[in-house]
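Reviewing the structure listed below.
The values are calculated or read from the model by the stated rules, or taken from the named source; none is laboratory data. Owing to the predicted nature of the structure, the values given are computational and were not obtained by experimental measurement. All Cβ positions, even for glycine, are placed from backbone atoms using ideal geometry, and neighbour counts span all protein chains on display. Note: accessible area is taken over every heavy atom of the protein model, side chains too, but ligands, DNA and RNA are not part of it. Shrake-Rupley method; radii C 1.70, N 1.55, O 1.52, S 1.80 Å.
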Amino acid sequence: MTRGRFITFEGGEGAGKSTQLKRLAARLEGLGLDVVATREPGGSPGAESIRELVLNGAADRWSPVTETLLMYAARRDHIERVIRPALERGAWVVCDRFADSTRAYQGAAGGTDPALIAAMETYILEDTRPDLTLIFDFPPEIGLKRATARPGAELRFESKGMAFHERLREGFLAIAKAEPGRCVVIPADGAIGAVEAAVWAAVEARLPVHV
Ligand code: TMP
């Protein structure tokens, strides 16, 4: 059996990623594919417990290095229990955030040494790497307003201030520029239908669907 496909959705706050992820998952399922839609931090029971710890409380509850370790503890559990088994059985895994969020939030915006993050990628991800990463680009001042207005929002990162969120946006764009073979930037400030069309165009171009 061939390995499945691994697509990650990345970007700042309130860019509409989660809505688009649901739409893509539904479209792939409509083609008869085995689809696993998941998210980080979280996606497995253990990783969801770590999510509770890391996304709630005061902005300075954890340092960026501690956050990196927590994100990678959660990610390893998610990979072992959900992502790898799904890819091995041939499923398409669509994941709301993955390793690029650690590079951007804890690294570019938080100041964690990129060498630590690179080591985590080597030892914790191993060969579980996305085939395609969609980077949703959106003005942080609008995204933050949207994200904080959501009922039940987990607001630790939203409370880090505008300068943090500007660095974050630049961090994601720098990842896209450095890895154009894996990443596609999706301008996310258009109508929902237009963004959905851009997502589908990127998937079709990079990962042709054979059913
Ligand atoms: P979300 O469900 O709104 O995308 O929230 C997840 C939050 O966690 C978001 O603020 C980004 C943050 N995050 C990191 O800081 N590092 C990571 O590695 C991941 C996966 C998420």
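Condition check ((1) farther than 16 Å from Thr8 by Cβ; (2) at pLDDT below 95) across all residues:
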{"position": "Ala108", "(1), (2)": "yes, no"}
{"position": "Ile135", "(1), (2)": "no, no"}
{"position": "Phe138", "(1), (2)": "yes, yes"}
{"position": "Gly152", "(1), (2)": "yes, yes"}
(message) Restricting to the range 40-58, and then to whatever is more than 8 Å from the ligand (Cβ to nearest atom) and assigned to a helix (DSSP H, G or I), can you tell me which residue is nearest to His78 (Cα to Cα)?
(response) Ala47
(request) Just need a number here: residues in the range 184-211 that are outside any helix (DSSP H, G or I), over 19 Å from Pro140 (Cβ atoms), hydrophobic (A, V, I, L, M, F, W, C) and open to solvent by less than 80 Å² (accessible area, probe 1.4 Å). (result) 4
(message) Here is a check on your reading of the model: is Arg75 within 12 Å of the ligand (Cβ to nearest atom), crowded, with 22+ Cβ neighbours inside 10 Å, charged (D, E, K, R) and at pLDDT 95 or above?
(response) yes
(request) Could you tell me which of the residues Glu40, Glu10, Glu48 is over 14 Å from the mean Cα position of the chain (by Cα) and charged (D, E, K, R)? (result) Glu48
(request) State which residue is farthest from Leu116 (Cα to Cα) when the search covers only the range 88-98 and only residues that are surrounded by 24 or more Cβ atoms within 10 Å (Cβ to Cβ) and near the ligand (Cβ under 7 Å from one of its atoms). (result) Arg97
(message) Checking Thr68 against (1) open to solvent by less than 30 Å² (accessible area, probe 1.4 Å); (2) part of a strand (DSSP E or B), only one condition comes out false. Which one?
(response) (2)
(request) Report, by residue number, each residue of the range 126-150 that is away from the ligand (no atom under 13 Å from the Cβ), assigned to a loop (DSSP other than H, G, I, E, B) and open to solvent by 40 Å² or more (accessible area, probe 1.4 Å). (result) Glu126, Asp127, Arg129, Asp131
(request) For residues that are within 14 Å of the ligand (Cβ to nearest atom) and in a loop (DSSP other than H, G, I, E, B), scanning just the range 99-114, find the one that is nearest to Ile124 (Cα to Cα). (result) Thr112
(request) Any residue in the range 8-35 that's without any contact (Cβ under 8 Å) to a residue 40 or more places away in the chain: show its pairings with residues that are open to solvent by less than 60 Å² (accessible area, probe 1.4 Å) at Cβ separation under 8 Å, as long as the two are six or more apart or on different chains. (result) Glu29/Val35
